[in-house]
Amino acid sequence: MKNYYSTVNNIILTHSDMLLENHARRVYVRFERPNEYGFDFAGGLLPENKFTNTYGFSEDELFELQDYLRCNAPLIWEYAQEGGGLYAKSIA
């Protein structure tokens, strides 16, 4: 992932630029949280708002992350379409 979006409760959300796959627009997203062995993570796709690869987060935490993703999807889409880099610098 190349575009930083936010950090909440020590969980970092990053996202890709807008991608075109099989004639569909998608954005890959990844939540990460440091743990004593490396990182817990949850990776997935927009607009599906589904996680495809997770490790270390509980089901309740994944539900909260999906809700956060759903609520922030319009901004993430906007940033992904424009490359995200300028926004990441202004947020950080």
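Within the stretch 31-69, the set of residues being at pLDDT below 95 and either at positive phi or basic (Lys, Arg) (or both) comprises Asn49, Lys50. So which residues in the stretch 4-17 are at pLDDT 90 or above and buried (at least 16 other Cβ atoms within 10 Å of the Cβ)? Within the stretch 4-17, Ile11, Ile12, Leu13, Thr14, His15, Ser16, Asp17 qualify. Only a single criterion out of (1) part of a loop (DSSP other than H, G, I, E, B); (2) surrounded by 15 or more Cβ atoms within 10 Å (Cβ to Cβ) is not satisfied by Arg33, namely (1).
The values are calculated or read from the model by the stated rules, or taken from the named source; none is laboratory data. All values reported here derive from a predicted model rather than from experimental measurement. As a convention, Cβ positions derive from the backbone with ideal geometry for all residues, glycine included, and neighbour counts pool all protein chains shown.
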